[in-house]
Amino acid sequence: MTWPRRRLPILLFAGALSLAAQAERSRTLGVFGDRSPEVLYSVQTDEPVIAITIDDGPDAATTPRLLQLLDAYEAKATFFLIADRVQGNESLVRAMVKAGHEIGNHMTRDVPSIELAPDVFEQELLRADRILSPFARPRWFRPGSGWYDEIMLEILERHGYQAALGTIYPLDAHVGWSWFAQRYILTLANPGSVIILHDGGGRGERTLATLQAILPELIDDGYRLVTLSELVGFATGALIDDPPDAGTEDRQ
């Protein structure tokens, strides 16, 4: 198996962009959070598996094409859905589940989850859960804008969720260059990685272009593209905690 070559200029450029994004976020929230062992970022495995995650759908224009593209390469993904976007797109969510993809809870609105009061966060988490559960019971949660705190994690555990972020985020929600996302992902791809991309509008179009370019390369390099839950099944180390039992408390 031949792993993608490391490209120092891309890494330096990506690092500068990432630091700029973190600095901007820190000015807003005034804090940098340490990684919590309760949050899935990646898994430790020697198996050539990578999880693709796609946020912010469903979208009537781009989600069907994403599903077709993933099917063409026999790739699976975890779609973190914004629940208020499900109405009118129920057939797309059913198609995701039928095709073997996984759905995750990305709240009801596209707002930073950490800025919500704890009671509001819990209410919106459960409202999103009620919308998504008839299709497939979500196991994973991704906070809006990617930031979380201990109170949020406690609420998630109480309702049988585990938070999931990732290790390969090409800032595609902010950087409008698919070529950059392609090079960034292929440079950093390693067994056990979790890729974060976005659906909807221009972001969905970029994700289509990005996946069209990277899927054949990753497959040629011997990788399988799997859901988060499938990825956890390959874990051989302690980079993650076991997810909470979905039955620890009924979701209401």
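Rule-based calculations on the coordinates, nothing more; no lab input. The model shown is predicted, which means the values in this text are computed figures rather than measured ones. When we count neighbours, we look across all protein chains shown, and the Cβ atoms used for this are built from the backbone with ideal geometry, even at glycine.
With θ set to phi - 60° and the Karplus curve 6.51 cos²θ - 1.76 cosθ + 1.60, what are the ³J(HN,Hα) couplings of the stretch 79-94 in order, to the nearest whole Hz, using x for Gly and Pro?
9, 8, 9, 8, 4, 5, 9, 6, 4, x, 10, 4, 5, 5, 5, 4
Taking the number of other C-beta atoms within 10 Å as the exposure measure, put 106, 174 in order starting with the fewest.
Listed from fewest to most nearby Cβ atoms, that is 174, 106.
Rank 190, 45, 91 by how far each Cα sits towards the positive end of the charge dipole of the stretch 39-233 (+1 on Lys, Arg Cβ; -1 on Asp, Glu Cβ) and give me just the farthest.
Selected residue: 91.
Using only the Cα atoms of the stretch 98-141, build the gyration tensor, take square roots of its eigenvalues as a ≥ b ≥ c, and label the shape rounded, prolate or oblate: rounded if a/c is under 1.5, else prolate if a/b is larger than b/c, else oblate.
prolate
So what's the Cα pair-distance distribution over the stretch 39-233, bin width 10 Å, in %?
Whole-percent P(r) values from 0 Å outward: 9, 39, 38, 13, 1.
Between residue 72 and residue 149, what is the FRET efficiency for a Förster distance of 45 Å, r being their Cβ-Cβ separation, to the nearest 0.05? Don't skip to the answer; put the middle values down first.
Details: r = 40 Å, r/R0 = 0.89.
With R0 = 45 Å, the Cβ-Cβ based efficiency is 0.65.
Among 175, 126, 136, whose Cα lies farthest out toward the positive end of the dipole of the stretch 115-241, if unit charges sit on the beta carbon of Lys, Arg (+1) and Asp, Glu (-1)?
The Cα lying farthest towards the positive end belongs to 136.
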